[in-house]
Structures are given as structure tokens and as C-alpha cells.
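Scroll down for the structure; my scribbles are underneath it.
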Amino acid sequence: MQEKYAHKEVERAAHAHWNATDAYRVTEDAGKPKFYACSMLPYPSGKLHMGHVRNYTINDMLARQLRMKGMNVLMPMGWDAFGLPAENAAIKNGVPPAKWTYENIAYMKQQMQAMGLAIDWSREVATCDPSYYQWNQWLFLKMLEKGIAYRKTQVVNWDPVDQTVLANEQVIDGKGWRTGAVVEKREIPGYYLNITAYADELLDHVQIGNEKATLNGWPDKVRLMQENWIGKSEGVRFAFPHTIQDASGEPISGGRMYVFTTRADTIMGVTFCAVAPEHPLATHAAASNPVLAAFIEECKTGGTTEAELATQEKKGMATGLSVTHPLTGEEVDVWVGNYVLMSYGDGAVMGVPAHDERDFAFAKKYGLKIQQVVAVEGETFSLDAWADWYGDKQRGVCVNSGVLDGLSYKAAVDKVAELLAAKGMGEKKTTFRLRDWGVSRQRYWGTPIPIIHCEEHGAVPVPEKDLPVVLPQDCIPDGSGNPLHKHEGFHAGVVCPVCGKPARRETDTMDTFVDSSWYFMRYCDPTNSEKMVAEGADYWMPMDQYIGGIEHAILHLLYARFWTKVMRDLGLVKVDEPFTHLLTQGMVLNHIYSRRTAKGGKDYFWPHDVEHVLDDAGKVVGAKLKNPATSGDGMLPVGTPIDYEGVGTMSKSKNNGVDPQDLIEKYGADTARLYTMFTAPPEATLEWNDAAVEGSYRFLRRVWGFGHKLAPIGQLGVLADGVSGQKLSKAAKALRLEMHTVLKQVDYDYQRMQYNTVVSGAMKMLNALEDFKSDGSAADNAALAEGFGILLRCLYPATPHIAHTLWSGLGYAGELLDAPWPVADEAALQRDEIELVLQVNGKLRGSITVAAGADKATIEAVALASEAFQKQAQGATPKKVVVVPGRLVNVVI
């Protein structure tokens, strides 16, 4: 065994051994308890980042430790390979997305393997592989049959220059991200999945405090985010009648404009109504009002999501139309509001400025009437400014509301519902913020939607026998729209399944959230060509532990839960929820340094080229270059002042990322893994610290050095097995006491996935081993062998390469990855002697050591005979001796 720790050799040899023994292949085994641990699959962007390293190391520690505890553990990996970034790269580099994607997968897989992750690569999936996405298509067709999938028109962002639909994140300040053209809103047909049919169940299973909740192993903050996104609301849906007619003389929308409100108690305070720009009343009014038509066109360049609408300026314009208040009979003006979405509810809202902050601001801006209809005792209403109590439904009672006056919120809502129902104008209704999932994307790199368009029969499903509809991999997007439109091979020979006449394929592809909504089930049966999932899913699902970033807390998790419920209802799986426990790991942060150039641009500098400037109190007040660096102003010399922006997420654009490959090359994968686990708890953010990385490397060198010192003893495994039969010295007993005490805590920390304290526990163990003064006896050697074996097993899940090498090199029995997890020996935890605090007249005067089982009389005798007491008493006779078992003895004189 070599003297110095050579991480490259250690890790290369460990990988070779694990590959040769196919160490991580997992099969179903009914004789063992199963545990399915999975990290969210990565997008193959080209390189791993430190966030990946942290995520996968958490998973790996969990998997390795549970395998040692006798569980059958599955840890698979795959690639979320479809999506827009590949198309953007194709446009930029002139290569097909397929080539770019597969090259990135190959490189990132090498990086993962270099990390020593215990991944069963026989289960690898790539969502761009036809053998995977054929099942997206198959299930989509099953959803069509059941009515879960359906076709309707949708409002989208349309780039008139690129002639393509843009995702919301591609619209920047109302313009296309690539062309800068003003984005239009258009209605085009697309496919939707009826996720709202599952809204109640999705909410029940996740809602905190709900007796039907099953996701108690999820963080509360994630459960609350899901609950808010689903957004169940109890309220009243009712109509404002009107006589507005279309060109044919028919009442528009049957002469009723419907709204939904959770504040029916404020109905007497309605002073206007607002409709979406696409609402039929808005369209009708705009036909004879060019100014309104122009405003509606302006609205169509805005956002299409609630989040965007919440932050943009609220604008409106009167339509010149009015509807009738269903209870008072008064005329209510109709406005077009840019903040009203046609896709939410009925595309219209009632405006109650006195009791809704958004409506208050809108009314103040356009000079609309504000009518108070709710009062709170002790508060005074004013038109000057909004006050939070205006919207308080808990304390408020109705005023200026006729028959509602004096009623509290719930009573008023019930009364309004009763009055509206009597007129046939409304009823109580439960609504959800959640909307059906639009899965059509007018982009190339995704799962083709298996539909054929026939002039005679319209949209016809592709026959199941013709699946998969294979996506051509030779397209190179050029930014001029979906290349599938022009791909002759994609449409060649396509005929209508109904009439056999020439037809064309659907060129829309599926939202990539479809790909990530069930990949974890495919891991269970990755090579099954006959079924989407089979017996493997029955064995492994539900997943026991899911690990990923908080940024996926809403849509990905929600869609995966929905997809699972659909598969259950179609008889494919037997579980209601896919993920039993969820861990959202914190982000990896690093310092950010920048400098404005002479032309107003901004340069970013690598942390290793910068040093902090500190004030007298040691606080960072700035930074300066410690190495020359290039910038937009040319080469900057050492000492150039630099702006310090604090810490933020690692980013290539800000030059504050750390390449895992560089880290592995310099220090080894074990150091990278150890550092990311030790520096912060898994859920907390991790602030990068180069000095701490060096510290982790030094610790591993110490572990290696201690192992090297033990090597001459030989066959440590045999010695460790015989430790309980040895007559141990006082020092050896103390060593065992420390090792098993720390082991007990480490075992507990593994159970709660607090891996930072696991590592600190391992460091305590090494300190104890290094401090032990061995006399070279067999008993002392046995204590050392046992102690180092415990350390290696505790450290192994975090640093598998060095632990494996030392374990096998020092003669411990069997493979470390299947070695039994160490259990704290209760006998070792029993002390022969204990130390008690000695007090005289209640004041600390020292301590005494007594046998662990000493009785009260013995403890009194030792205390009175002690040098500390004799010195303090100076011959005085004790009046009383108080013994607190296990803690102290107090002598009163």
C-alpha cells in the first residue's frame, strides 16, 4: 500500500473494479425490502455543474448506506433530452439537435461515472429515443379514447418574423427573444389534457391538514406551493344579463356575461366589469371602435400567464357597452382590461374597487366610482388610499347593501347565492386556479403528436400499430418556423387511417413536461418493448425518495402526479402518488465580481483572480484583481478595483461557476463529494469556499495516512472481529466508547439525511483514532482495527473510492459496498468509571472519578477523601452530602 494518497490512481482502480463486477446492476428481489431513490433527471446541456454534483451525491450516499443495511436499492439515471435549448444550439451552431444532444449525453455520462455514482446504467433512458417516446404517444392515444386528451383552440405568442410560436419565457418586453419583433397573440388549435378532472384528488393528497393527505413526506413549503397552484376557491358564478346583439341580431353569449367571485358579499359594490381582450363583448365593441381595436391589439402583445399579468401595468378602456346588475337592475359599464385572461373562468370579472386592491387602483386611474359595501368596526373608509382592512372578509359586515346589511361574510354569500338562484342568474360553485394542461408545442425537437390530418375526416389518431411516429433527426432549425412543416420524409406516404387518402402528419410536438412526467416508471422496465410499464413498476413504485431542486416544486411534480393517476386509472400502475418522500436540495452559490466598462457594458471576473477589500471590522467592502485579467477595456493590471456583488447562483455568464471536471482532476471525486456534503445541510444553500475544498482534501489525506500506518498490522478484519473477546486497556475502552458513541449519532444522522453532520462525525472518529496511544498489543490492535473499520463504513457512502481501496487493501472482509452497516455496541457504550462534578457549598471545586456502579456511600467517601475537598474544608466537618446520580456531588460544610 503506497504511502501517499494518489486520488487519480485510487479512483481509477475503484472504477475498474466496480465495472468488472457490474457492482451496481439491480434486479427485483422479493426476499429483500426495496428502496427506490432517484434524482430528477438532468437536461443534457453539455457539462455537469456543482448543483448536479450535490444532488447526485445526496442520492448516492442514501443508496449506498441503505444497501449496506440490507436493502435492495435502485438508483437509476436518464436524460431529459427534448426541448428548446437543443433547437437554440442548432440555430447557433448549424448542427441537428440530435447530434448536439447525444454528444452532450456521452460527455455528461462520463462525468457522472467519474464521480463514482452507484447508478444502474442498464436502466438508462433518453427521452428523445423512439423506444421511450413511443409510450408518450401510446398513452396520449389512450387519453384521447377516454376523453382526457382533447383538441381546442388556444391563445399563443406568435413571432411574425420567425413565423413560430414562442414560449412565455421567450417573450422579452413583449418582443421575440431572437428577432425582436413585437409578439402577437393568436388563437390556434392545440391539444389539452384534462388535469382539472383530477384537481380535487391532486389537492386532497398534498394539502396540509387534509385527512386524505398522503404526501406527509414532502416539505411543507412544496406542499403549500402545490396547494396554491391548484387554487381551490369556493364562490358564486353568476350572470350580468344584457341585450347586446351580434351582427345577425342574436344576443351575444345568450344575453349573459358570466363572472365568478369569492367575494359575493361585495356584489352591491360593483361599479364596473372588465373583460379579456378576446372576450366576445370586446370583439363586438371593437368592430365599430378603431381606438378600442388598437388597444386590444396592444393587449395581445402582453403576457399570457397569471405571473406576468400580476407584474405588468394594469390598463383598460371602456367599450361603450353596459350590462345589468342582476340584483339592483342598475346598468354597469363594461371595460376591456389587459389583466383579464380569457383562459381563466369566463374571461370576465366584476369590479368592486372599494374592496379589491387591484380594482381600487384601476378605478382611481380611470376615475371610476368607488362604493363602500363592507365595514369593519373601529375603521374609517377613505377614497384617498387603499387600506388592507378594505379586503378583510373575516371582520367585515355588509353596509349600503340593502337586504345584505349587517350580514357577515359567510351569511352574505349564502344570501346572495339564494337571491341569484331565485332569479336563475347564478349559483354557488367551486373553481380551481389550475387549468387544463396544453401539451401542443409548435416546435421541432419533441415527441411528435400522433395525429394525421385528413381533408375529409379532420384530425385522426395514428393507429397503435403504426407507433412510434418517429421524429426525423436530420433537421437543422433555422429560426423560420418548425422544420417539420417542410420535411418531405416526415409526411411521405402518409394516408388517412379512415379513408386511405393522402394526408399530412401533425407537426406539433408535445410539451417536454410530458417526457419527465413518467420517466421514473420507465426506469422500472426500461427495455420492455411490449408494455409501457410492467412487473418492475409493481415492485419498485412508489418511489421512496425523490431528490431535486425547488424550482421544480410546482409544474414538474404536479404533472408527474397527474400522469401517475391517469396511468393508475388505465390499469397500468397500482399507486396513487409517485413520490413518497421528497428532498429539495439547496443551490450552490459563489461570489460574483464585476466591473463596468468604459462603454457601459459589464465584465465578470473569476473568483480566483480577485481578492476582497476589507474594512477595519473585517467586513467585505469591495474587491480588486490579484491577477491580470482581460476585459472590454483591454488587459486590467493587478490591483484594479472590482465591484463585489455578493453571492449568487453559479453561472457561466457571471464567471462564478466551478467546473466539476477541474475539481475532480485536481482533488478527486471523493473530495468534491465530501465538500458538497460537509459544508451545509442538504436543504440549505451552499456557499462555495475554495479553502474548505482544500480542507476536505487534507482530511482524506489524513484518512489515507492513518490507514497506511495500520497496514503493517495486517488482516484488520480478523482483528476487528475479535475485539469483543479481548481484555482491553483503559485507553482501548475509551477509544471504543468514543467510536461507538459517535457511530450512534452518525447512524441517526444518516436516517434523517443530515449528511453534513455525518461527515463531521467521521472527522471526530478520525481524531479519536489518531489520538489513541496504542501499546502494540493484540487488544489495542483489535480496537484500532474495529475503529478504523467503523470509520471506513461511515465514510464510504460519501467517499466510496478511498474507503473501498483502504477496506480491501487492509484486509477487511468482503466487498465494502455490501459490508454490513456497523451497529453501536451497547457494551462499548457502558463506562467503567464516571466523572462527577464536585461542589462545596454549591460552588464548583473540581471533580471526582468513581466506578460507574458506585453507590451513594462510596461516592460520599470518595468526595470527602478527595484532595479538592480537603483543601477547601480545611478540617471542617461536613454537615450534609448531596449526590445527584450521574451528575454531581455537593458537600455542605
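The values are calculated or read from the model by the stated rules, or taken from the named source; none is laboratory data. Computed from a prediction, not measured in an experiment: that's the story for all the values here. Please note: Cβ atoms are built from the backbone with ideal geometry, for glycine as well, and neighbour counts cover all protein chains shown.
General remarks:
- Applying a threshold of 6 Å to beta carbon distances and a minimum spacing of six or more residues, or different chains, the list of pairs starting in region 128-146 at a residue that is within 27 Å of Pro85 (Cα to Cα) and ending at one that is of a type in the set (Gly, Ala, Ser) and buried (at least 22 other Cβ atoms within 10 Å of the Cβ) reads Cys128/Ala81; Phe140/Ala149.
- Within region 370-384, residues that are in the same structural domain as Ile267 (by TED's automatic domain parsing) reach partners that are in a loop (DSSP other than H, G, I, E, B) and of a type in the set (Lys, Arg) with beta carbons closer than 8 Å, at six or more positions or on different chains, in the pairs Val374/Lys393; Val376/Arg395; Glu377/Arg395.
- Near pairs, Cβ below 9 angstrom, 6+ apart or cross-chain, from region 49-74 (of a type in the set (Asp, Glu)) to any residue that is in a loop (DSSP other than H, G, I, E, B): Asp60/Met75; Asp60/Met115; Asp60/Gly116; Asp60/Leu117; Asp60/Ala118; Asp60/Ile119; Asp60/Pro797; Asp60/Ala798
Listed here are the residues, each with its yes/no results for (1) at pLDDT 95 or above; (2) surrounded by fewer than 19 Cβ atoms within 10 Å (Cβ to Cβ); (3) in the same structural domain as Ile547 (by TED's automatic domain parsing).
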| residue | (1), (2), (3) |
| --- | --- |
| Glu250 | yes, yes, no |
| Tyr258 | yes, yes, no |
| Ala282 | yes, no, no |
| Cys299 | no, no, no |
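- Qualifying residue in region 545-559 (condition: part of a loop (DSSP other than H, G, I, E, B), closer than 26 Å to Trp437 by Cβ, of a type outside the set (D, E, K, R) and under 15 Å from the mean Cα position of the chain (by Cα)): yes
- Breaking point among (1) farther than 23 Å from His7 by Cβ; (2) without any contact (Cβ under 8 Å) to a residue 40 or more places away in the chain; (3) not charged (D, E, K, R), for Asn655: (2)
- Residues of region 337-359 satisfying the condition of being farther than 27 Å from Ala375 by Cβ, touching a Cys at 6+ places or on another chain (Cβ under 7 Å) and not in a loop (DSSP other than H, G, I, E, B): Ala348
- Filter pass, Gly83 being within 30 Å of Gly31 (Cα to Cα) and not charged (D, E, K, R): no
- Cβ-Cβ distances below 7 Å connect the following pairs, each with a first residue in region 732-753 that is in contact (Cβ under 8 Å) with a residue 12 or more places away in the chain and at positive phi, a second residue that is of a type in the set (A, V, I, L, M, F, W, C) and crowded, with 18+ Cβ neighbours inside 10 Å, and a separation of six or more residues or different chains: Met753/Leu62; Met753/Leu583.
- Every pair of residues 6+ apart whose Cβ atoms lie under 6 Å, when the first sits in region 301-324 and is part of a helix (DSSP H, G or I) while the second is modelled with pLDDT under 95: Leu309/Gly303; Leu309/Tyr339
- Any hit, region 112-119, residues being modelled with pLDDT of 95 or more, more than 30 Å from Arg67 (Cβ to Cβ) and either out of contact with any His (no Cβ under 7 Å at 6 or more places or on another chain) or part of a strand (DSSP E or B) (or both): no
- Of all residues making up region 37-85, the number that are part of a strand (DSSP E or B) and in contact with a Ser or Thr (Cβ under 9 Å, 6 or more places away or on another chain): 3
- Residues of region 674-726 satisfying the condition of being closer than 17 Å to Ala783 by Cα and hydroxyl-bearing (Ser, Thr, Tyr): Ser724
- Per the conditions (1) buried (at least 18 other Cβ atoms within 10 Å of the Cβ); (2) over 21 Å from Gly549 (Cβ atoms); (3) modelled with pLDDT of 90 or more, the sole criterion not satisfied by Pro660 is (2).
- Search result, residues across region 360-370 that are among the hydrophobic types (A, V, I, L, M, F, W, C) and in a loop (DSSP other than H, G, I, E, B): Leu368, Ile370
- Qualifying residue in region 391-412 (condition: on the phi > 0 side of the Ramachandran plot, in the same structural domain as Gly254 (by TED's automatic domain parsing), touching a helix residue (DSSP H, G or I) at 6+ places or on another chain (Cβ under 8 Å) and not β-branched (Val, Ile, Thr)): yes
- Per-region count, region 1-22, residues hydrophobic (A, V, I, L, M, F, W, C) and in contact with a helix residue (DSSP H, G or I) (Cβ under 6 Å, 6 or more places away or on another chain): 3
- Candidates Val638, Val718, Val621, Val693, filtered to the one that is farther than 19 Å from Gln585 by Cβ and either in a helix (DSSP H, G or I) or touching a Cys at 6+ places or on another chain (Cβ under 6 Å) (or both): Val718
- Verdict on Thr679 being farther than 17 Å from His801 by Cβ, buried (at least 20 other Cβ atoms within 10 Å of the Cβ) and either polar (S, T, N, Q) or free of Cβ contacts under 8 Å to residues at least 24 places away in the same chain (or both): yes
- Members of region 534-547 found to be hydrophobic (A, V, I, L, M, F, W, C) and either outside the structural domain of Pro33 (by TED's automatic domain parsing) or surrounded by fewer than 21 Cβ atoms within 10 Å (Cβ to Cβ) (or both), listed by number: Ala534
- Among residues of region 682-693, those that are surrounded by fewer than 16 Cβ atoms within 10 Å (Cβ to Cβ) and touching a residue at least 24 places away in the same chain (Cβ under 8 Å), counted: 5
- Unique residue being loosely packed, with under 12 Cβ neighbours inside 10 Å, under 34 Å from the mean Cα position of the chain (by Cα) and not small (Gly, Ala, Ser) when the list is Lys619, Lys666, Lys602: Lys619
- Tabulated pairs, region 513-535, first farther than 13 Å from Val125 by Cα, second buried (at least 22 other Cβ atoms within 10 Å of the Cβ) and hydroxyl-bearing (Ser, Thr, Tyr), C-beta under 7 angstrom, 6+ apart or interchain: Val514/Thr447
- Considering region 835-847, and only residues there that are surrounded by fewer than 17 Cβ atoms within 10 Å (Cβ to Cβ) and among the aliphatic types (A, V, I, L, M), the residue that is nearest to Glu860 (Cα to Cα) turns out to be Val837.
- Scanning region 328-345 for residues that are modelled with pLDDT under 95 and of a type in the set (S, T, N, Q) yields a total of 2.
- Ala118 meets the conditions (1) touching a helix residue (DSSP H, G or I) at 6+ places or on another chain (Cβ under 7 Å); (2) farther than 29 Å from Lys34 by Cα; (3) small (Gly, Ala, Ser) in every case but one. The failed one is (2).
- Looking across His491, His487, one residue alone is in contact with a Lys or Arg (Cβ under 6 Å, 6 or more places away or on another chain) and closer than 26 Å to Gly94 by Cβ. It is His491.
- A search for C-beta distances below 7 Å between a residue of region 563-577 that is within 18 Å of Asn528 (Cβ to Cβ) and any residue that is aliphatic (A, V, I, L, M) and not in a loop (DSSP other than H, G, I, E, B), counting only pairs 6+ apart in sequence or on different chains, returns Val573/Met521; Val573/Ala537; Val573/Met567.
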